[in-house]
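J.: Handing you a structure now.
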Amino acid sequence: MKRAEIIAVGSELLLGEIVNTNASYISEQLSKYGVPVLYHQVVGDNAVRMRETFEIARRRSDFVIVTGGLGPTADDVTKTVLSDLLDRPIVRDEEAYETIQRFLVSRNRLMNDGDARQADVLSGADVLPNPVGLAPGMWIAGDTTWLLLPGVPREMKALVEATFPQKLSGATLVSESLRFYEIGESALDDAVKDLLDGSNPTVAPYAETGEARLRISARATDEVTARQMIEEVKTEIMKRVGSYYFGSDDETIASHLVQSLSRLNRTFAVAESLTGGEVQSMITSTPGASAIFLGGVVTYSDELKNRYLGVALDTIEQHSVVSKEVAYEMVDGLSKTTHADYALSFTGEAGPTSNSGRPVGTVYIGVKTPNGIEVIERTYPHQERNIIRMRAAKDGLWSLIQRIKKGE
């Protein structure tokens, strides 16, 4: 199968009431079997528009997966529309009917017409029993192969897990995302420009808040061979931009720091004002954080900065709460209280207006290592409030990672 397409059925998706997580999950699973997904579509519970959508998919795709519209209500018309398009009559599957009947009896319910319709399938389809629900799925082979799945995510996932290993075969597609910090997407693109033209493995750049990623994908007859192909390209990339690399796939800057401190048997604490607990959340979301994280404080007010961190009120009055002097005293006071080996403090203006007179986007980060304390200044002009907070949090963690690498 060279061209796959996923169609999500449901007016609630178009209204924004439900997020289409099914398509993301199915795409991810198809990639493991070397099946590329070229299109995602969403269509409401309207028979005319649904048929138009199915016709487009049939013309351009070898494999079409449809989620939703298999339930008991009047607007569940996926089977009816596809039956008409493929000229396959709808028949009742006795095994599915008996499953529904047994379920309803166990709940002391009588079967109505809607319940029974869930057992209706297209003639000639390979009926896929639903292990966690009532409506079965269907595999319909032909010039275009159709896979009909329930829209309920739990049911959809159960059927995918049961069906894909049996029905899909051939090349295996393996991917690894390399994650980088302090290098922009365009700079990263320039550094590996010649590698972006490869056909197998492929290299594709992506960007997110303060980070850049390179996804390497390789297709081979087996996973071991594909991973070897990825490793060759990864080695070349690391020669060029390895100093910005902090992890792969689900690794984060926070998890990298936790792992680094765990190896050194060192501890960490944080004092937050601007970031409002964001750094503590990032750290404690990482497995193993308890081995290195002593704790943290969020001190928004001047009074609490003075009471819990020992920041002098005279310092705040003279330099303002958003200043390198306050950032210094915050991390110094925290270090004296917790005796942490490494510590950070954050103060700044996240906006939308400034309370200190400093420009919005001005941030001071206190960085404490066994070698002493320094304060770094960052500016994030013309950024939204939460982007400023997130960038500051990541910059602070990254600053510690870099100092640990240098042996500080």
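J.: Between residue 116 and residue 21, with labels modelled 7 Å along Cα→Cβ, what's the label distance in nm to one decimal, could you check?
T.: 3.6
J.: Considering only DSSP beta bridges where both residues belong to the stretch 253-405, give the percentage that are antiparallel (nearest 5).
T.: The antiparallel fraction comes to roughly 60 percent.
J.: Here's something else I'd like to know. Would you kindly work out the equivalent ellipsoid of the stretch 114-251 from its C-alpha gyration tensor and give its semi-axes, the square roots of five times the eigenvalues, largest first in whole Å?
T.: 41, 18, 12
J.: Another question, then. Along the charge dipole of the chain, Cβ charges K/R +1 and D/E -1, which of 221, 127, 22 sits furthest on the positive end?
T.: 221
J.: Using mean Cβ contacts within 10 Å as the protection proxy, how do 12-23, 97-108, 283-294 order, highest first?
T.: In descending order of packing, they fall as 283-294, 12-23, 97-108.
J.: Separate question: So for the stretch 4-167, averaging the separation of alpha carbon pairs under 8 Å that are six or more residues apart and normalising by length, what relative contact order in percent results?
T.: 23
J.: Cα axis of helix 47-60 to longest principal axis of the chain: angle in degrees, 0 to 90, nearest 10?
T.: Here the helix axis deviates by roughly 80 degrees.
J.: Summing Lys, Arg as +1 and Asp, Glu as -1, what charge do residues with Cβ under 9 Å from the Cβ of residue 3 carry, residue 3 excluded?
T.: 0
J.: Just to check I understand the Karplus step: with θ = phi - 60° and J = 6.51 cos²θ - 1.76 cosθ + 1.60, what whole-Hz values come out for the stretch 130-138, glycine and proline as x?
T.: In residue order, the calculated couplings are 8, x, 10, x, 9, 6, x, x, 9 Hz.
J.: How far, in degrees from 0 to 90, does helix 253-264 lean away from the longest principal axis of the Cα atoms of the chain, to the nearest 10?
T.: On a 0 to 90 degree scale, this one is about 60.
J.: Below 17 Å, Cα to Cα, which lysines can residue 336 reach? Residues fewer than 8 away in the same chain don't count.
T.: Answer for residue 336, where 17 Å is the Cα cut-off: 305, 368, listed by chain and number.
J.: Which whole-Hz ³J(HN,Hα) couplings does the stretch 230-239 yield from phi under the Karplus relation 6.51 cos²θ - 1.76 cosθ + 1.60, θ = phi - 60°, glycine and proline marked x?
T.: Computed from phi, the couplings for the stretch 230-239 are 5, 4, 5, 5, 4, 4, 5, 4, 5, 4 Hz.
J.: Now a separate question. In terms of Cα to Cα distance under 23 Å, which lysines are near enough to residue 239, apart from those fewer than 8 places away along the same chain?
T.: 193, 405, 406
J.: Here is a further query. Which peptide among 377-386, 40-49, 315-324 comes first, and what is the full order, when sorted by highest mean count of other Cβ atoms within 10 Å?
T.: 315-324, 40-49, 377-386
J.: In the set [x] 25.1; [y] 26.9; [z] 20.8, which value of Kirkwood radius over Cα pairs in Å was calculated from the structure you see?
T.: Looking at Kirkwood radius over Cα pairs in Å for this model, the match is [x].
J.: Counting only DSSP beta bridges with both residues in the chain, tell me the antiparallel percent, nearest 5.
T.: Among the beta bridges of the chain, antiparallel pairing accounts for roughly 60 percent.
J.: Using the Cα atoms of the stretch 4-167 to build a convex hull, what is its mean projected area in square nanometres?
T.: Working: hull surface 36.6 nm².
If I average the Cα hull's projected area over directions, I get 9.1 nm².
J.: Still on this structure, please answer the following. Over the stretch 198-295, what portion of Cα pair distances is larger than 20 Å, expressed as a whole percent?
T.: Numbers: 2514 of 4753 pairs.
Here the tail beyond 20 Å accounts for 53 percent of pairs.
J.: Evaluate the charge dipole of the chain about its Cα centre and quote only its size in Debye, nearest 20, assuming +1 on the Cβ of each Lys and Arg and -1 on the Cβ of each Asp and Glu.
T.: Values: 43 positive and 56 negative charges, 118 e Å.
Dipole about the Cα centre, nearest 20: 560 debye.
J.: For the stretch 145-159, take each phi angle, set θ = phi - 60°, evaluate the Karplus expression 6.51 cos²θ - 1.76 cosθ + 1.60, and give the result in whole Hz per residue in order, putting x for glycine and proline.
T.: Here the 3J(HN,Hα) series is 8, 10, 10, 9, 10, x, x, 5, x, 5, 5, 4, 4, 4, 6 Hz.
J.: While we're on this one: Taking the Cα centre of the chain as the origin and placing charges on Cβ (Lys, Arg +1; Asp, Glu -1), which of 33, 373, 247 is farthest toward the positive end of the dipole?
T.: Ranked along the dipole, the leading option is 373.
J.: What would the Debye equation give as log₁₀ I(q)/I(0) for the stretch 172-248 at q = 0.16 Å⁻¹, counting only Cα atoms as equal point scatterers?
T.: Per q value, in the given order, log10 I(q)/I(0) is -0.52.
J.: Give the aspartates and glutamates reachable from residue 157 as a straight Cα distance under 16 Å; neighbours fewer than 8 places away on the same chain don't count.
T.: Straight-distance partners of residue 157: 28.
Rule-based calculations on the coordinates, nothing more; no lab input. These numbers come from a predicted model, not from an experiment. When we count neighbours, we look across all protein chains shown, and the Cβ atoms used for this are built from the backbone with ideal geometry, even at glycine.
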